[in-house]
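**Student:** Could you have a look at this structure, given as structure tokens, before my questions?
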Amino acid sequence: MVVSVSQLNEYVRRTLASDPMLRSLSLRGEISNFKRHAPSGHLYFSLKDEGARIACVMFRQHAFDLRMEPRDGMRVVLEGSVSLYAQTGQYQFCAQSMRPDGVGDLYLRFEQLKAALQQEGLFDASLKKPLPLLPRTVGVVTSATGAAVRDIISVATRRNPGVRLLLCPASVQGEAAPGEIVRALRTLDALDSVDVIIVGRGGGSLEELWAFNEEAVARAIFACKKPVVSAVGHETDFTIADFVADLRAPTPSAAAERVVPSGEELSAALDGSAMLLDQRMRVRLQGWSARMAHAHAVIQAYGPARALERRREQLLHARTLLDTHMARACKAREEALRSARGRLDALSPKGVLARGYAYVTRAGRPARRLAIGDRITLHLAAGQAQAEVKDWRDAHACEEKGKADV
């Protein structure tokens, strides 16, 4: 009998679905290669033990009721049934519930190493080195044939073709991978031309990414003098390398986006900086101009020229006041002199003579007492006259005669 592939897959699917043992089954194992499909909400992963593994799926209606966050390395017990996806012929376990069942060996090793390195300070945020703003050369540690290197090259070329990429190939999976990654990191870190290093690979299961959870790789990243960007797996994947690196990128493409500056963005930023610098310089120049104008006004108001001008005005004012006071003083002195002269003229002998009086001298001297027969000179306003005393009475006798006459 000849059947089609679809008929065969459908027959197997029905056979599995009709087996009572496979319709309600509890399955124990360790989660690996866990993925949450964002659009649908379905969970896809593998469940493994020491000797085998099986593909598993948990659809959205069951994943919504989960009270735990599944991760690679977790040991769990699943409740569900075995089925066959007819389109691909893939045998799988459809989980309807999940509960923890201890921690897997790899996950336990991961947590133990993480705790030890964190205790040593290898994850200390203060030790993280900043990425260069304008790297000339970016070192890349990854597989030469993987999708990661193609993604990095594509993104870096698109963003800035002037940045040089230097690939130091290394295995990213398997027993030889940790040693090759360590050697590649040391080689690139020793090159003066390399400014920053990207180390990583594409997504995979916990086992496939394990090389980046090895202690030797973690210590090699920490020892690098150049900044190291870890880009391992997908956004939900975390490795020890992510915690030790100076920056963790969710994917290799994202690492290239962070490390390689965009030429257009740099040009726009440069234009913006130039515009901002011009604006600030204009504002500063305007401020300086205003301060210069103020300083000039202050100098004009309080400088030597203005001070001299004020002193000149004060001197002219003082001179005017002095002239006024001098004129007044001179006039007052002139009037006083005229008054004194008038008084002097009134009291002088000439003034007395002018009023009809005369004074007598004898032998050229003032005559205070006279005797009969004395030759005297009479001094009058109009001249002199010579006389002889015919009669003499002293002042007392004259006063007595005057009284008698009265």
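The values are calculated or read from the model by the stated rules, or taken from the named source; none is laboratory data. In this text the structure is predicted, and so the values were computed from the model without any measurement. Counting neighbours? That spans all protein chains shown, and the Cβs are built from the backbone with ideal geometry, glycine included. Areas reflect the complete protein model, heavy atoms only, side chains present, ligands, DNA and RNA absent. Shrake-Rupley method; radii C 1.70, N 1.55, O 1.52, S 1.80 Å.
**Student:** In vacuum, with every alpha carbon of the chain counted as one equal point scatterer, what does the Debye formula give for log10 I(q)/I(0) at q = 0.07, 0.13 Å⁻¹? Two decimals, please.
**Tutor:** -0.64, -1.15
**Student:** Sticking with this structure for a sec: Considering only Ser4, Leu166, Gln87, whose Cα is most displaced toward the positive end of the charge dipole of the chain, charges sitting on Cβ of Lys, Arg (+1) and Asp, Glu (-1)?
**Tutor:** Leu166
**Student:** Moving to a separate point now. Quote the charge dipole size of the chain about the Cα centre in Debye, to the nearest 20; the model charges only the Cβ of Lys and Arg (+1) and of Asp and Glu (-1).
**Tutor:** Around 4220 debye, computed over the chain.
**Student:** Give me the net charge of Glu264's neighbourhood, meaning all other residues with Cβ under 14 Å from the Cβ of Glu264; Lys, Arg count +1, Asp, Glu -1.
**Tutor:** Net of charged neighbours comes to -1.
**Student:** Let me ask another. Using only the Cα atoms of region 31-158, each taken as one equal point scatterer with no solvent, compute I(q) by the Debye sum, divide by I(0), and report log10 of the ratio at q = 0.21, 0.23 Å⁻¹.
**Tutor:** Values, matching the q order: -1.15, -1.25.
**Student:** Report relative contact order for the chain in percent, whole number only (criteria: Cα-Cα under 8 Å, sequence separation at least 6).
**Tutor:** Taking the mean separation of contacting Cα pairs over the length of the chain, I get 9 percent.
**Student:** May I pose another question? Given H placed 1.01 Å from N in the peptide plane, which residues other than close sequence neighbours of Gly233 have an amide H under 5 Å from its amide H?
**Tutor:** Arg201, Gly202, Gly203
**Student:** Also: Region 138-154 to region 19-86: how many Å between their Cα centroids?
**Tutor:** Distance between centres, Cα-based: 32 Å.
**Student:** At 1.4 Å probe size, with every protein chain present, just tell me what the per residue accessible area of the chain comes to in Å².
**Tutor:** Accessible surface, normalised per residue, equals 65 Å².
**Student:** Above 15 Å lies some portion of the pair distances; for region 1-90, what is it as a whole percent of all C-alpha pairs?
**Tutor:** Tail of the P(r) past 15 Å holds 66 percent of the pairs.
**Student:** Hey, another quick one. Would you please give the residues with an amide H less than 5 Å from that of Leu247, counting only those at least 5 places away or on a separate chain, with H modeled from the backbone geometry?
**Tutor:** Those lying under 5 Å, H to H, from Leu247 are Val228, Ser230.
**Student:** What's the long-distance tail for region 222-338, i.e. % of Cα pairs beyond 19 Å?
**Tutor:** Roughly 76 percent, once rounded to a whole number.
**Student:** Could you look at the chain and say what percent of its accessible area is carbon and sulfur, using a 1.4 Å probe and all protein chains?
**Tutor:** 56
**Student:** Quick one: grab the alpha carbon gyration tensor of region 130-196, order the square roots of its eigenvalues as a ≥ b ≥ c, and give me rounded if a/c is under 1.5, else prolate or oblate depending on whether a/b is larger than b/c.
**Tutor:** oblate
**Student:** Another question, if that's okay. In terms of modelled amide H atoms, which long-range or inter-chain residues lie less than 5 Å from the amide H of Val260?
**Tutor:** The list, which skips near neighbours in sequence, is empty: none.
**Student:** About the Cα centre of region 50-145, how large is the charge dipole given +1 on each Lys and Arg Cβ and -1 on each Asp and Glu Cβ? Please answer in debye to the nearest 20.
**Tutor:** 380
**Student:** Could you please put Phe64, Phe212 in sequence from largest to smallest accessible area, using a 1.4 Å probe?
**Tutor:** Phe64, Phe212
**Student:** Going out from 0 in 10 Å bins, what whole percent of all Cα-Cα distances in region 221-275 drops into each bin?
**Tutor:** 24, 37, 24, 15, 1
**Student:** Let me ask something else. To the nearest 10 square angstrom, what accessible area does Ile54 show with a 1.4 Å probe?
**Tutor:** 20
**Student:** Now for a separate question. Which of the aspartates and glutamates could a cross-linker bridge to Lys331, judged by Cα under 17 Å and excluding same-chain residues fewer than eight apart?
**Tutor:** Hits, sequence-local ones excluded: Asp323.
**Student:** Using the Kirkwood radius built from alpha carbon pairs, what does the Stokes-Einstein equation give as D for region 160-260 at 20 °C and 1.002 mPa s, in µm² per second?
**Tutor:** Translational diffusion coefficient: 160 µm²/s.
**Student:** Out of Ala147, Gly203, Thr137, whose Cα points farthest toward the positive end of the dipole of the chain (charges: +1 Lys, Arg; -1 Asp, Glu; placed on Cβ)?
**Tutor:** Thr137
**Student:** Would you mind putting 328-337, 132-141 in packing order, based on average other-beta-carbon counts within 10 Å, highest first?
**Tutor:** Ranked by mean Cβ neighbours within 10 Å, highest first: 132-141, 328-337.
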